[in-house]
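Step one of this worksheet: look at the structure below.
The values are calculated or read from the model by the stated rules, or taken from the named source; none is laboratory data. Nothing here was measured: the structure is a model prediction, and the numbers come from that model. Here the Cβ is made from the backbone with ideal geometry for all residues, glycine too, and neighbour counts use every protein chain on show. Keep in mind that these areas ignore ligands, DNA and RNA; they rest on the heavy atoms of the full protein, side chains included. Shrake-Rupley method; radii C 1.70, N 1.55, O 1.52, S 1.80 Å.
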Amino acid sequence: MKGPRISVPSTRRRGARRAVIAAFVVLAAMVPAAGTALGAQEVEAELPYMCAFPSGTQAVTVRVAARFPDSAAKGEAIVPAEVTTTVELPEAAVAELGAAPGAEVRASTELAVALSQGEARAEASWRGTAQPATVQAEGPLVLESAGDVPSVTPGSDGELRLHAGGLKLAMEAQAGSATPDPAQDSPAPVSATCTLGEDAAEDGLLATIPVTGGETDGPSEGPSPSEGPSAPTGTDTREPGGADAPLGRLRVEATDPKDAPPCIAEEPTPVTLAAYVTGYSNVRKLDGANLIPVSCMIIEQVDAGSPGPDDQWLFRQPADVEFSYEGRRQTPPARATFLTYGFVPTTATMVLEQTEVMRLESDFYLGDPVQLDTAIRASLVLRLSDVKVNGTPLDVGSDCRTETPLTSHEPEPDRFPGPHIVLDGFGLAPWEGQPEGYQLTTGGPLTSEVTIPAFTGCGTSGGEDLNRLFTAAISGPGNYVKQMQGQTCLIQDLNPDHCTPDGQPVVIPEPER
């Protein structure tokens with residue numbers, strides 16, 4: 001493990017607060033949160049891991065990089081910045097993917113980070129999505145992931161320590177060609193659970209942050225080191241490290257993906273389906289990921305058949321899809337936290353608002369296995385509200401949104417004009433055995449690479465015009481989206497394994513990267 005690399009950047013005082021492009025930076029400099037540290041420590045830790053792949057255990061090198069404050073105050077949220085988890089797979093581990101040279105590998109990581117301060121214990125999950133990496137003819141494969149990292153708020157003074165723990169790795173190889181060959185088998189996704197090597201220096205120590213602020217406002221109720229992060233203390237049943245942890249404990253602020261809204265179709269037909277979806281959307285400019293909250297989709301299947309005489313082995317099932325949240329066609333509001341310009345903590349409430357009916361097409365290529373290619377075309381506008389910069393509210397008005405819906409590459413622009421994104425799902429259904437990948441009825445992953453348009457309506461009358469600010473900080477191409485759809489509920493059937501008695505989906509999917 002490399003020793004921590006510490007640097008203290010200079011603090012810059014900004015000019016007038018009304019300078020539009022510098023608004024975030026100005027607010028951070030002029031109205032700092034109490035106890036905000038001006039210095040920062042940059043950490044790069046190289047750690048040995050042992051990863052359990054399907055064929056056996058392989059030694060893997062993992063590098064964790066992040067930036068932390070030099071110090072913090074009791075009650076102050078600490079947000080790690082510029083967090084990356086880089087996994088270097090040796091050739092033997094690359095062979096697990098079964099991918100030919102030139103194939104692209106997408107990967108996601110989830111690193112458990114143990115937090116301790118005195119007797120208080122908590123655990124955070126640092127999740128990340130890697131940009132596609134190309135498999136070489138020989139040599140290792142390097143996957144560098146970045147994503148959302150929850151903040152931690154110390155409830156007392158004393159030294160806060162962060163240690164790397166277990167690592168979950170998920171990988172999926174795709175052929176270099178944009179059009180899959182129905183006759184060619186697609187490599188199955190590969191997952192591995194990794195444990196920190198016994199020879200890791202300082203037990204995987206990532207950072208030590210001194211916390212000041214005097215005595216705690218109450219007794220330190222954290223569990224003893226032997227009890228671990230989830231052990232109760234006395235009669236207190238609240239989870240240590242949770243958002244409702246009492247004073248004196250560590251509080252890890254993260255979104256619960258299990259918070260599912262009601263999902264009921266108002267006028268179902270015999271072919272109406274309901275399903276929950278959730279996932280993550282990377283924001284490339286902010287080097288972070290936003291959780292797409294658990295959302296309700298109402299799916300109305302329409303007449304199926306062959307799309308044309310050219311391919312008698314092709315069968316197509318179309319459907320119309322709508323989000324449903326409190327009578328509106330949108331996702332539930334979700335709180336997102338980013339580090340704007342790399343160091344300014346910024347939070348905002350984000351909503352994806354549907355402007356047209358989403359069109360779904362599932363193409364079945366008959367054979368053994370049956371290949372299923374699904375595309376969902378969605379016109380979604382991104383809205384922002386309740387923006388805070390370094391804890392200070394920034395008034396963006398009531399109509400801060402992208403000028404047009406988000407966009408991605410459309411392979412059939414003549415059939416589907418206008419701005420929209422295309423979410424792709426791919427699955428295989430053998431005549432015998434379990435299906436793999438995405439199917440409309442059983443769910444699975446849907447992915448896309450999205451361009452975020454310029455913003456409009458951001459600001460207030462007589463105040464700052466913040467459109468250019470958000471456009472500069474957020475808008476642009478290359479934002480990877482991965483949604484996970486759960487098992488659908490056929491409302492007229494009410495299969496108890498799939499539906500609740502009132503016709504809502506039973507399965508709430510877990511977000512993946």
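Looking only at region 423-452, filter to residues that are farther than 14 Å from residue 281 by Cα and hydroxyl-bearing (Ser, Thr, Tyr); which one of those is least open to solvent (accessible area, probe 1.4 Å)? Even if it seems obvious, please write down each step before you answer.
We begin by selecting, within region 423-452, every residue farther than 14 Å from residue 281 by Cα; these are 424-444.
Subset that is hydroxyl-bearing (Ser, Thr, Tyr): 438, 441-442.
Working: 438: 0, 441: 64, 442: 63 Å².
Top of the filtered list is 438.
Being touching a Pro at 6+ places or on another chain (Cβ under 8 Å) and either of a type in the set (Asp, Glu) or open to solvent by 30 Å² or more (accessible area, probe 1.4 Å) (or both) is the filter here, so list the residues in region 368-384 that pass it.
368, 369, 373 - these are the residues of region 368-384 that are touching a Pro at 6+ places or on another chain (Cβ under 8 Å) and either of a type in the set (Asp, Glu) or open to solvent by 30 Å² or more (accessible area, probe 1.4 Å) (or both).
Residue check, residue 325 against (1) touching a strand residue (DSSP E or B) at 6+ places or on another chain (Cβ under 6 Å); (2) at pLDDT 75 or above, all met but one. Which one?
Failing condition for residue 325: (1).
Considering only residues that are charged (D, E, K, R) and surrounded by fewer than 20 Cβ atoms within 10 Å (Cβ to Cβ), look in region 495-513 and name the one that is modelled with the lowest pLDDT. Steps first, please.
Going residue by residue through region 495-513, those that are charged (D, E, K, R) are 497, 502, 510, 512-513.
Among the residues that remain, those that are also surrounded by fewer than 20 Cβ atoms within 10 Å (Cβ to Cβ) are: 497, 502, 510, 512.
Working: 497: 80, 502: 85, 510: 81, 512: 76.
Top of the filtered list is 512.
So how many residues does region 453-467 have that are open to solvent by 10 Å² or more (accessible area, probe 1.4 Å) and within 20 Å of residue 336 (Cβ to Cβ)? Give the steps one after another, and end with the answer.
From region 453-467, those open to solvent by 10 Å² or more (accessible area, probe 1.4 Å) are 453-454, 456-457, 459-465, 467; that's our starting set.
Filter once more, keeping what is within 20 Å of residue 336 (Cβ to Cβ): 453-454, 456-457, 459, 467.
Count: 6.
For region 388-400, give me each residue that is surrounded by fewer than 20 Cβ atoms within 10 Å (Cβ to Cβ), in contact with a strand residue (DSSP E or B) (Cβ under 9 Å, 6 or more places away or on another chain) and either within 18 Å of residue 355 (Cα to Cα) or of a type in the set (Val, Ile, Thr) (or both).
Of everything in region 388-400, those that are surrounded by fewer than 20 Cβ atoms within 10 Å (Cβ to Cβ), in contact with a strand residue (DSSP E or B) (Cβ under 9 Å, 6 or more places away or on another chain) and either within 18 Å of residue 355 (Cα to Cα) or of a type in the set (Val, Ile, Thr) (or both) turn out to be 398, 399.
Tell me whether region 459-476 contains one or more residues that are under 19 Å from residue 129 (Cα atoms) and among the acidic types (Asp, Glu).
No: zero hits.
Report yes if residue 318 is modelled with pLDDT of 90 or more and out of contact with any strand residue (DSSP E or B) (no Cβ under 8 Å at 6 or more places or on another chain), otherwise no.
No; evaluated as a whole, the condition is false for this residue.
Pick from region 120-171 the residues that are in a strand (DSSP E or B) and of a type in the set (D, E, K, R): which of them is farthest from the chain's Cα centre (by Cα)? Let's see the steps before the verdict.
Going residue by residue through region 120-171, those that are in a strand (DSSP E or B) are 120-130, 133-134, 141-146, 151-154, 158-171.
Filter once more, keeping what is of a type in the set (D, E, K, R): 121, 123, 127, 144, 159, 161, 168.
Numbers: 121: 25, 123: 18, 127: 7, 144: 15, 159: 30, 161: 25, 168: 15 Å.
Checked region 120-171; the qualifying residue farthest from the chain's Cα centre (by Cα) is 159.
A quick yes/no check of all residues on (1) surrounded by fewer than 21 Cβ atoms within 10 Å (Cβ to Cβ); (2) closer than 27 Å to residue 445 by Cα; (3) at pLDDT below 85:
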| residue | (1), (2), (3) |
| --- | --- |
| 61 | yes, no, no |
| 65 | yes, no, no |
| 72 | no, no, no |
| 77 | yes, no, yes |
| 101 | yes, yes, no |
| 105 | no, yes, no |
| 124 | no, yes, no |
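Criterion first (open to solvent by less than 30 Å² (accessible area, probe 1.4 Å), closer than 29 Å to residue 396 by Cα and more than 20 Å from the chain's Cα centre (by Cα)) does residue 489 satisfy it?
no
Is one or more of the residues making up region 473-495 acidic (Asp, Glu) and touching a Gly at 6+ places or on another chain (Cβ under 6 Å)?
The answer is no, given that none of the residues of region 473-495 is acidic (Asp, Glu) and touching a Gly at 6+ places or on another chain (Cβ under 6 Å).
Could you tell me how many of the residues in region 174-198 are modelled with pLDDT under 85 and not polar (S, T, N, Q)? Walk me through how you get there before you give the answer.
First, the residues of region 174-198 that are modelled with pLDDT under 85: 174-189.
Narrowing further to those that are not polar (S, T, N, Q): 175-176, 178, 180-183, 185, 187-189.
Matching residues across region 174-198 total 11.
For region 47-57, what are the residues that are open to solvent by 40 Å² or more (accessible area, probe 1.4 Å) and either part of a strand (DSSP E or B) or within 17 Å of residue 130 (Cβ to Cβ) (or both)?
Of everything in region 47-57, those that are open to solvent by 40 Å² or more (accessible area, probe 1.4 Å) and either part of a strand (DSSP E or B) or within 17 Å of residue 130 (Cβ to Cβ) (or both) turn out to be 48, 50, 52, 57.
Go through (1) surrounded by fewer than 19 Cβ atoms within 10 Å (Cβ to Cβ); (2) over 30 Å from residue 445 (Cα atoms); (3) of a type outside the set (A, V, I, L, M); (4) at pLDDT 70 or above one by one and return the number of the condition residue 261 breaks.
(2)
Please specify each residue of region 438-449 satisfying the condition of being in contact with a Pro (Cβ under 8 Å, 6 or more places away or on another chain) and within 24 Å of residue 476 (Cα to Cα).
Filtering region 438-449 down to residues in contact with a Pro (Cβ under 8 Å, 6 or more places away or on another chain) leaves 438, 442-443, 449.
Passing the criteria: only 449.
Quick check on this structure: which one of 430, 417 is modelled with pLDDT of 90 or more, more than 25 Å from residue 326 (Cβ to Cβ) and not polar (S, T, N, Q)?
Within the list 430, 417, the selection yields 417.
For the structure I just gave you, tell me whether residue 356 is open to solvent by 30 Å² or more (accessible area, probe 1.4 Å), more than 23 Å from the chain's Cα centre (by Cα) and at pLDDT 90 or above.
It is true that residue 356 is open to solvent by 30 Å² or more (accessible area, probe 1.4 Å), more than 23 Å from the chain's Cα centre (by Cα) and at pLDDT 90 or above.
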